[in-house]
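All of the numbers you see were taken from the coordinates with simple rules; none came from a lab. As the structure is a prediction and not an experimental result, all values here were calculated from the model. Note that we place each Cβ from the backbone using ideal geometry, even for glycine, and neighbour counts take in every protein chain shown.
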Amino acid sequence: MPADPPDRNAAPSSANTSFAERGPRRSGARAHQLLRTFFSPHRLPQTRDQLMLAMVALNELFLGLEVYLAHGADGTIGPGEWLPIYYGLSSGILLVLAGLLATRHRTAASVIATATLVGSALIGFLGVYFHLARAVLPTAPAGERLTLNLLVWAPPVLGPLAYSLAGLLGISATWDESPPASGRLVIYKERAIHLPYSKTRAYIFTVGMGTLSALVSSVLDHARAGFEGAWLWYAAAIGVFGTVVPVAYAAIDRPSRIDSFTYIVAMLFLIATGVLGSFLHVRSDLVFEHIVVLERFLRGAPPLAPLLFSNLGMLGLIALLAPELLQTIKQPPAGPESGNAWKTGPES
């Protein structure tokens, strides 16, 4: 039976026409191509370290926003107070660019990421110093130069350590652990440092220390309200639970199933507590009939601060993943057609 003659009135298929024959590109096509190039599945996190770095980049961006809200509470932001704001926003962007660059220039991306994360750690330590200096009265009588009341009403002394925590987690994720679970972190070529424990345990221990910092900041902040309300005590209790469990879990050489279950429960409690705390902070900042007044959000309960608990809980769950789990999930099935399937790259 002869084939049907081609329909000369039909529109030509884009698969069989050249770019010049297709005419002018429709609006947004260039942006769409850019998104496909830089945010294709090939560039999604393929290992635990890549996922951790993505979380760190997101943390840096949110830290810049949170510090902006905190430093703007008094209506003015001094020259030195802009530094952590600018650094948080710019470091988040730099880490994203380093992640995109890593697919072709791994060494250059590692240098950019490491330098950015070291700077983040230094910003955190400097912030602790300046916040502590605000709580000290050097001309006061001995014994009254630094008191608990001063710490309660001063800027959060341990709050800036969030930058240091992000830097420490990011640096750990940037360096490869070879062989896996050995604690040997490769810095450059054959140069490496040896940890007394594996990277997984280092991640979990860091999450515990970060939760401790968030707990102290939360207790000092809630002390201004005199801990009036059951929810304030609940947040403190979950903070203690979320600090002790990961530290103890990281110290155990061979944790049992009960230990792992307890650790996961603690991280889930941290996530839920952060979301609930943010909701309660926002509700307390709203005026009658739920009217939003920006001034109350700047000077009242910080709406983003409780989410630090949620952030640490998510980081704690990510730390529990096997280093190659994501890459294993994305591995194409074996078969005659697997050669054309998407292949993942080496561990980052």
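Can you tell me which of 253-263, 231-241, 138-148 comes out highest on packing, and rank the rest after it, using the mean Cβ neighbours within 10 Å?
231-241, 253-263, 138-148
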Check your understanding: Can you give the extra length, in nm with one decimal, that the chain gains between ARG104 and VAL219 once fully stretched, where that is 0.36 nm per residue apart less the Cα-Cα distance?
Key -> 36.8 nm
Review point. What length, rounded to one decimal in nm, is gained on full extension from TRP233 through to TRP82, with 0.36 nm per residue of separation minus their alpha-carbon distance?
Key: 51.0 nm
Exercise for review: Compute the distance in nm between two label points, each set 7 Å from the Cα along the Cα-to-Cβ direction, one at VAL265 and one at ALA192.
Suggested key: 3.8 nm
Check your understanding: Where in region 153-187 does the amide nitrogen come within less than 13 Å of the point 7 Å from the Cα of VAL111, taken along Cα to Cβ?
Key -> none
**Study point:** Paramagnetic label zone (point 7 Å from Cα along Cα-to-C-beta, ARG134; backbone N under 12 Å) in region 148-172
**Key:** 151-160
Revision key, fill the gap. Per-residue Cβ contact counts at 10 Å, fewest first, order THR47, THR114 as THR114, THR47
